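A short worksheet on the structure shown next.
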Amino acid sequence: MGMCGEKCAKDYTFSREDQDAYAISSYERARTAVEAGYFTDVVPVEVPMGRKGTVTIDKDEEPFSVDLERLPSLRPAFDRQTGTVTAANASSLNDGAAALVLMTEKEARARGIPAVARLLGWGDAEQDPVDFTTTPSLAVPVALEHARLSLGDVEYHEINEAFSVVALANMHLMGLSHDRVNVMGGAVALGHPIGMSGARILGTLLDVLRLNDATIGCASICNGGGGASAIVLERLT
């Protein structure tokens, strides 16, 4: 998949500097959000450390683990000669888990559970696996059509940052402003735990909508097989 990221960078002429600048912004946004206490959905976890006792992890460590001044000096991770994708401008490797509760409006009312959001639409798309990096730009319109909304109705986007170039390319293809995309950082700074990222970006999107008093958001994520999925949400509380 790393070489697919390299292909995407070449296809859309995103330089090493473009990708590093995006990665730095992801880390800076994530640090700001963590320090402000914005990730309200993070559940503290107690980790046994043997003789050192137990350590409580109550905030994400990854955003603070990188020296941003050294980021431009890292060697390419996949194409050693002319590559532009590095370990720092790609998603970091992390452990994590996430959970969501989904039910019908009728069931929520019957149980007296206040819903935080309504799922308005969803969609999937696919293309050649080598171009998986840009498939979110195909899935988002499908989800918007299902929701009977237009791209202009979406106030904030979460696009999973498998690589910095994934976000850069999809913002370019959909004409999105970075001011409205991954505003609390993304997978480059927060990590991309396998099996968790889709739920994570939905939770982050809900936080973003709430903190900015916004209503409509869209989350999209690619997969290594050439596909992508997107969901459109309406914040209720």
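Restricting to the stretch 200-217, what's the tally of residues that are over 14 Å from the mean Cα position of the chain (by Cα) and either surrounded by 24 or more Cβ atoms within 10 Å (Cβ to Cβ) or touching a residue at least 12 places away in the same chain (Cβ under 8 Å) (or both)?
Qualifying residue count for the region: 7.
Which members of the stretch 166-204 meet the condition of being part of a loop (DSSP other than H, G, I, E, B) and farther than 18 Å from Glu62 by Cβ?
Gly175, Leu176, Ser177
This table checks each residue for (1) farther than 11 Å from Val232 by Cα; (2) surrounded by fewer than 24 Cβ atoms within 10 Å (Cβ to Cβ); (3) touching a Gly at 6+ places or on another chain (Cβ under 9 Å); (4) not small (Gly, Ala, Ser).
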position: Asp131; (1), (2), (3), (4): yes, yes, yes, yes
position: Arg148; (1), (2), (3), (4): no, yes, yes, yes
position: Val154; (1), (2), (3), (4): no, yes, yes, yes
position: Glu158; (1), (2), (3), (4): no, no, yes, yes
position: Phe163; (1), (2), (3), (4): yes, no, yes, yes
position: Asn170; (1), (2), (3), (4): yes, no, no, yes
position: Met174; (1), (2), (3), (4): yes, yes, no, yes
position: Ser177; (1), (2), (3), (4): yes, yes, no, no
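Given the conditions (1) among the acidic types (Asp, Glu); (2) under 22 Å from Asp207 (Cα atoms); (3) modelled with pLDDT under 90, and given that Glu28 satisfies all but one, which numbered condition is not satisfied?
In the conditions (1) among the acidic types (Asp, Glu); (2) under 22 Å from Asp207 (Cα atoms); (3) modelled with pLDDT under 90, Glu28 misses (3) alone.
Quick check, is Val116 β-branched (Val, Ile, Thr), out of contact with any Phe, Trp or Tyr (no Cβ under 9 Å at 6 or more places or on another chain) and touching a residue at least 60 places away in the same chain (Cβ under 8 Å)?
On the way: β-branched (Val, Ile, Thr): yes; out of contact with any Phe, Trp or Tyr (no Cβ under 9 Å at 6 or more places or on another chain): yes; touching a residue at least 60 places away in the same chain (Cβ under 8 Å): yes.
In short, yes.
Given the conditions (1) under 17 Å from Ile221 (Cβ atoms); (2) more than 20 Å from the chain's Cα centre (by Cα), report the number of the one that Leu144 does not fulfil.
Leu144 satisfies every listed condition except (2).
Go through Ser229, Ser197, Ser220 for me and flag whichever is surrounded by 17 or more Cβ atoms within 10 Å (Cβ to Cβ), modelled with pLDDT under 95 and either closer than 19 Å to Ser137 by Cα or under 10 Å from the mean Cα position of the chain (by Cα) (or both).
None of the other options fit; the residue is Ser197.
Can you pull out every residue in the stretch 64-96 that is more than 17 Å from Gln19 (Cα to Cα) and modelled with pLDDT of 90 or more?
Phe64, Ser65
Select, from Ser65, Ser25, Ser92, the only residue that is closer than 29 Å to Ser177 by Cβ, free of Cβ contacts under 8 Å to residues at least 40 places away in the same chain and surrounded by 11 or more Cβ atoms within 10 Å (Cβ to Cβ).
Residue meeting the stated conditions: Ser65.
The values are calculated or read from the model by the stated rules, or taken from the named source; none is laboratory data. Here the structure is a predicted model, which means the values were calculated and not measured. For neighbour counting, all protein chains shown are included, and Cβ atoms are generated from backbone atoms with ideal geometry for every residue, glycine included.
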